[in-house]
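The values are calculated or read from the model by the stated rules, or taken from the named source; none is laboratory data. None of these values were measured; they are calculated from a predicted model. Here the Cβ positions follow ideal geometry from the backbone for every residue, glycine too, while neighbour counts run over all protein chains shown. Just the protein is used for accessible areas: all its heavy atoms, side chains included, with ligands, DNA and RNA removed. Shrake-Rupley method; radii C 1.70, N 1.55, O 1.52, S 1.80 Å.
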Amino acid sequence: MPRFLKIILLLFSVFTFVQCKKDNNTKTTALPKNEIKYAKGFSITNYNGYSVVKVSNPWPKAEKTYTYLLKEKNGTIPDSLKQFTTINVPLKTIVVTSTTHIPSLEMLGVEKTLVGFPKLNYISSEKVRALIDAKKVKELGDNQSLNTEVIIDLQPEVIIGYGLDNNNPTLDNLEKNGLKVLLNGDWNEQTPLGKAEWIKFFGALYGKQNTANEIFSKIEKDYLNTLELAKRATTHPTILAGDMFEDKWYLPQGTSWGCQLLKEANGNYLWATTQGTGSLALSFETVLEKAKDADLWITSGQFSTLSAMANANPHYSQFKAFKNKNVYSFAGRKGKTGGVLYYELAPNRPDIVLKDIVKILHPELLVGYKPFFFEKLK
């Protein structure tokens, strides 16, 4: 499957806590938990000298919970927990494998610990691009076939991986070579704030839990404030999303991350009643029949101009939104090597995405605000 299509599916998918029992063999007592309010895929429990991180949903329908121990300097791990992967924190070196991991490092101020990444050109962050230009971050090849020789030579303290399923021989091979892999399931979260809350996962790795909590609290507050603002809207514009890729039109299903943002912005997404958290794959004719008169169109990010859209498929001009030039895209904001910033930053900053969409749907509610990610195509 082409990488671009994977990104669309993941972002449209795109795209709690678990109790930890007190060790009966020690006198260690649990400190107040780093409360996870929205994310369903991980938990953090803090003890004197160490923390227990559990990742329970790294991919859809995962049946196994992964337990990791984060050991502080001079901390002692109970014997009953020593079978789990133990990481010394705070980290000094890290490899991450998704652009969605990059913003957490940058927001926490630890981007200089990054030593390797697959497909460096996809990274948009200016700070990390400066590190890449300084040859401080190594190219690791393709995500599904990481360059194990380079990674073994780097000897990072941790590799943050992710999986589409329970089959990732590259990560398994790295573990067999003595490297430590932690799975991250941010892309599998089904709510905007749930995705963003994974900054707390990285905060725990760097001894910056308080900082991560503060960052997330600000994102949460801004998101909820915009949500309340959207409720004042008196109109509900009809929305078409996505576009053609090869011979199918991909657009978010009704309970997906993308659809939730459209709904919470008080818009009338035309496929909002469909069930599923991934993407619908429909024929052009099916979409045209239902969305020909949609008020506006938010594309997948393939195109940066209306003429580029028309060149790709002249039948796009049959839609009212295209005729009226009410087509919006996030393709315009890119890193200097062509990486689309939305793919990297949007899951971490749903407050900005929601505000952008409210501005598009209800411009009267945000007078003077200029969308950060989205722009109307010319």
What is the spin-label model distance, in nm, from Phe84 to His315 if the labels are put 7 Å beyond Cα along the C-beta direction? 5.3 nm
Under 1.5 on a/c is rounded, so check that first for segment 59-102, then, if it is not, pick prolate when a/b is larger than b/c and oblate when it is not; a ≥ b ≥ c are the square roots of the alpha carbon gyration tensor eigenvalues. oblate
Can you list the residues, at least 5 places off or on another chain, whose amide H is less than 5 Å from the amide H of Val181, using H built in the peptide plane? Ile159
Round to the nearest 10 and report in Å² the accessible area of Thr255, as given by a 1.4 Å probe over the protein chains' heavy atoms. 60 Å²
Rounded to the nearest percent, how much of the accessible area of the chain (1.4 Å probe, protein heavy atoms only) is carbon and sulfur? 49 percent
Relative to the present Cα-Cα distance, how much length would full extension add between Ile152 and Thr305 at 0.36 nm per residue of separation? 50.7 nm
Diffing segment 272-285: the Karplus 3J(HN,Hα) column from phi (6.51, -1.76, 1.60, θ = phi - 60°), in whole Hz with x for Gly and Pro, holds 5, 8, 6, 9, x, 10, x, 10, 7, 10, 10, 6, 4, 4
Which lysines have a Cα less than 17 Å from the Cα of Lys231, not counting those fewer than 8 places away in the same chain? Lys221, Lys263, Lys355, Lys359
Can you tell which of Ser317, Pro347, Val327 lies farthest toward the positive end of the dipole of the chain, using +1 and -1 charges on the Cβ of basic and acidic side chains (Lys, Arg; Asp, Glu)? Pro347
State whether segment 173-287 is rounded, prolate or oblate according to the following rule on the C-alpha gyration tensor (a ≥ b ≥ c being the square roots of its eigenvalues): a/c under 1.5 gives rounded; otherwise a/b larger than b/c gives prolate, and the remaining case gives oblate. oblate
Please get the size of the charge dipole for the chain, origin at its Cα centre, with Cβ charges of +1 on Lys and Arg and -1 on Asp and Glu, quoted in debye to the nearest 20. 640 debye
Residues whose modelled amide H sits under 5 Å from the amide H of Ala294, counting only those 5 or more places away in sequence or on another chain, are Lys320, Ala321
Cα-based Lys pair tally, segment 31-106, threshold under 17 Å, eight or more apart or on separate chains: 13
So what is the 222 nm mean residue ellipticity for the chain from helices alone, if each DSSP H run of at least 4 adds -39500 (n - 2.57) and you divide by all residues, rounding to the nearest 500 deg cm²/dmol? -8500 deg cm²/dmol
Gain in span if fully extended, Lys136 to Ser283, counting 0.36 nm per residue against the direct Cα distance: 48.4 nm
With every protein chain left in place and a probe of 1.4 Å, what is the accessible surface of Arg349, to the nearest 10 Å²? 60 Å²
Roughly how many Å² is the accessible area per residue of the chain, as a whole number, for a 1.4 Å probe? 46 Å²
Estimated translational D of segment 131-188 in µm²/s (Stokes, Kirkwood radius over Cα pairs; 4 °C; 1.567 mPa s): 106 µm²/s
Using each residue's phi in segment 363-368, evaluate 6.51 cos²θ - 1.76 cosθ + 1.60 at θ = phi - 60° and report the 3J(HN,Hα) Karplus result to the nearest Hz, with x for Gly and Pro. x, 5, 7, 10, 4, x
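Among rounded, prolate and oblate, which fits segment 294-378 when a ≥ b ≥ c are the square roots of the eigenvalues of its C-alpha gyration tensor, a/c under 1.5 means rounded, and a/b larger than b/c means prolate? Could the numbers behind the result be given before it?
On the way: a/c = 2.35, a/b = 1.20, b/c = 1.96.
Taking the square roots of the gyration eigenvalues as a ≥ b ≥ c, segment 294-378 is oblate.
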Amide H proximity to Tyr47 below 5 Å, modelled H, separation 5+ or other chain, gives Leu31, Val52
